[in-house]
Structure formats: C-alpha cells, structure tokens
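The block underneath contains the structure these notes are about, expressed in structure tokens.
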Amino acid sequence: MSEFTWLLGEPALSPFRQRKLLRAAARALGRSVDDDPPGGLALDARFIYFIESRADLSPEAKDRLIDLLHAERDVAPPAGTPLLVVPRIGTVSPWSSKATDIARGCGLEGVLRIERGTWFGLKGLDDEAEAIAVNPVFHDRMTQDVLDDAEAGSALFAHAPPQPLERLGRDPAALEAANRSLGLALSADEVEYL
C-alpha cells in the first residue's frame, strides 16, 4: 500500500502567459478582452506536486522534496474557483519519469512517483456554468484532466490491471462507438480512413 502527499509549488505562469489565458477566458465567456483585467477576471496559478511513496514521508524526506521541487512551505492554494489541471489519469507524463528518477538519485528511495499539475484559482466568475465554459481554456482534454480538489490527485497513482485485448471490425458504427468510449477524438475522415 502506498501513501499520497501533495505540495504546492511556485507560481506557474509568467505575467504574459497569465494575461493570454485571461483574454481567452474572457472570450469564452463573451466578455470584453480589452478591459484591464480582461473580462473582469483575475487569475493565480501555482504548480502542485503529487507524490506517491512507499510509506509516509519523514520530515527530512519532505524537506528534501520541498527543496528539490521548489515547493513552498505554508502557502495557501490560489483563491477563486479552483481548476486543478493534471496529466490524464492513467498516464505517466515525461516530466514525472524524469522527476522521479532525479528524486531517487537524490536519495529519496521511498518515492515511487512524482507528478506535476497546475492549480488555477480564477476570480470573477458568476456561477458554475461560467466555470464549465472556461474549463477548455485551461486544459487540453486529450492529454489532461481537471480535478475538483488536491486529494483527488491520488487517482493519478491508481494501479489497475491491464485490460484484455479487444478487436474491432471494419464496421463504421463499431469504430464510432470505440471512438466515443475510448476518447480517441478521431475525426469523421479518420474513421472513414480506418
């Protein structure tokens, strides 16, 4: 049985990137992008690190991870509507592979895996419908997922047995069904080609 920990890191966006995201969010909401700030929105973003370890991290190991990841002690999560963007559940990002290797090389043998996400705090939204409308601005649904809170990050480390091989026929309806159920995002032209 493994243990799960999360740490907040340093700010994730440059002022330029932050303004670009705010303009895109304002556009998605049908608000003016020429306002300052765009659409009357405010944004804060921090890296968030999810750690899977063999056992609870000792204070020394946690301190070493904080130093290694440039995480911050006693920092509050970004205020506003939270959007925690993480690599797609069930995948291991290239960043994770390298960071985990580095952590082990630094003597943190109890660390099984480290994954990084971004915690966005968006202020100025009127309701849940607006949060849903701006969601696509902050993540790529092909490669990323959005979590409700940091504790949900434990899903990144779920270990599922491999699924059995499944074969599909050349029937376009079967390809369409597989496209929807597996989230392949194939276009109509690609389905026709296959």
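Restricting attention to region 98-116, does a residue exist that is within 30 Å of residue 38 (Cβ to Cβ) and in a helix (DSSP H, G or I)? Working first, answer last.
Filtering region 98-116 down to residues within 30 Å of residue 38 (Cβ to Cβ) leaves 116.
When the remaining residues are screened for being in a helix (DSSP H, G or I), the result is none.
No, region 98-116 contains no residue that is within 30 Å of residue 38 (Cβ to Cβ) and in a helix (DSSP H, G or I).
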Complete set of residues in region 1-36 that are outside any strand (DSSP E or B) and either among the polar types (S, T, N, Q) or touching a Phe, Trp or Tyr at 6+ places or on another chain (Cβ under 6 Å) (or both): 2, 12, 14, 18, 32
Boolean, residue 64 is over 15 Å from residue 12 (Cβ atoms) and part of a strand (DSSP E or B): no
Within region 118-194, helices (runs of 4 or more DSSP H) holding 1 or more residues that are under 13 Å from the mean Cα position of the chain (by Cα) and within 19 Å of residue 85 (Cα to Cα): 128-138
Some residue of region 55-74 being surrounded by 15 or more Cβ atoms within 10 Å (Cβ to Cβ) and touching an Asp or Glu at 6+ places or on another chain (Cβ under 6 Å): no
Residues satisfying the stated conditions in region 95-110, i.e. under 20 Å from the mean Cα position of the chain (by Cα) and in contact (Cβ under 8 Å) with a residue 12 or more places away in the chain: 95, 96, 99, 100
Close pairs (7 angstrom Cβ cut-off, 6 or more residues apart or separate chains): within 20 Å of residue 140 (Cα to Cα) and open to solvent by less than 70 Å² (accessible area, probe 1.4 Å) in region 165-194, modelled with pLDDT of 85 or more and not in a helix (DSSP H, G or I) anywhere: 179/186; 185/142
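Residue-by-condition table, conditions (1) acidic (Asp, Glu); (2) surrounded by 12 or more Cβ atoms within 10 Å (Cβ to Cβ):
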residue	(1), (2)
10	yes, no
13	no, yes
28	no, yes
31	no, yes
34	yes, no
47	no, yes
52	yes, yes
Residue match in region 115-123 (condition: open to solvent by 80 Å² or more (accessible area, probe 1.4 Å), farther than 22 Å from residue 59 by Cα and without any contact (Cβ under 8 Å) to a residue 40 or more places away in the chain): no
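What do you reckon, is residue 79 surrounded by fewer than 18 Cβ atoms within 10 Å (Cβ to Cβ) and either of a type in the set (Asp, Glu) or not in a strand (DSSP E or B) (or both)? Show your work before the answer.
Details: surrounded by fewer than 18 Cβ atoms within 10 Å (Cβ to Cβ): yes; either of a type in the set (Asp, Glu) or not in a strand (DSSP E or B) (or both): yes.
So residue 79 passes the test.
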Verdict on residue 109 being within 16 Å of residue 4 (Cα to Cα) and open to solvent by 40 Å² or more (accessible area, probe 1.4 Å): yes
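The values are calculated or read from the model by the stated rules, or taken from the named source; none is laboratory data. Computed from a predicted model, the values in this text were never measured in an experiment. Heads up, the Cβs are rebuilt from the backbone with ideal geometry, glycines too, and the neighbour counts pull from every protein chain shown. Accessible surface is based on the protein model in full, side chains and every heavy atom, while ligands, DNA and RNA are left aside. Shrake-Rupley method; radii C 1.70, N 1.55, O 1.52, S 1.80 Å.
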